[in-house]
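Here's the structure we're looking at; comments come further down.
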Amino acid sequence: MTTNDRFEAGQKMRRQVLGDEYVDASLTRATDFSREFQQLVTEYCWGTIWTRDGLPDQTRSLLNIVMMVALNRPHELELHLRGARRNGVTVDEIKEALLQATIYTGVPAGVDAFRIAAKVLAETDPEVVVPRGQA
């Protein structure tokens, strides 16, 4: 696979998981300083790893979610929670992944992760996290 093929495959996968709006904004905001970084991420994260056959996309999303909890990367956690819902990860699977991550990364990390997930799910699945009578 050539560099250009990896970029194109990565572009397609990145858009599938994160959505056109997010990817377009990322590429539009790229500057001379950050353009090569965007290319690197698109080619290698999305074009080399995410396109492999070894794991389903949903599993990759769940792995990313727990890694973002462990690494304390709230912005990326929010992004990958949205991506997980876009590619078919259920709310219950997200909850279970966050519970698992909480035990291995610590309660404060879990508190933050559940708070971020509640924010994302309030936008994507409000019936799941908004208390009855408050929707």
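Values as computed for the structure displayed
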{"read-out": "Positions within region 103-126 being more than 15 Å from residue 85 (Cβ to Cβ) and either out of contact with any helix residue (DSSP H, G or I) (no Cβ under 7 Å at 6 or more places or on another chain) or free of Cβ contacts under 8 Å to residues at least 12 places away in the same chain (or both), in sequence order", "value": "103, 104, 106, 107, 108, 111, 115"}
{"read-out": "Hits in region 80-96 - residues which are more than 13 Å from the chain's Cα centre (by Cα) and hydrophobic (A, V, I, L, M, F, W, C)", "value": "91"}
{"read-out": "Residue within region 64-79 that is touching a residue at least 24 places away in the same chain (Cβ under 8 Å), more than 12 Å from the chain's Cα centre (by Cα) and in the same structural domain as residue 109 (by TED's automatic domain parsing) present", "value": "yes"}
{"read-out": "Scope region 97-134; condition aromatic (Phe, Trp, Tyr) and under 15 Å from the mean Cα position of the chain (by Cα); matching residues", "value": "114"}
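The values are calculated or read from the model by the stated rules, or taken from the named source; none is laboratory data. This one's a predicted model, so the numbers in the text were calculated from it and none came from an experiment. Neighbour counts are summed over all protein chains in view; Cβ atoms, including those assigned to glycine, are modelled from backbone coordinates with ideal geometry.
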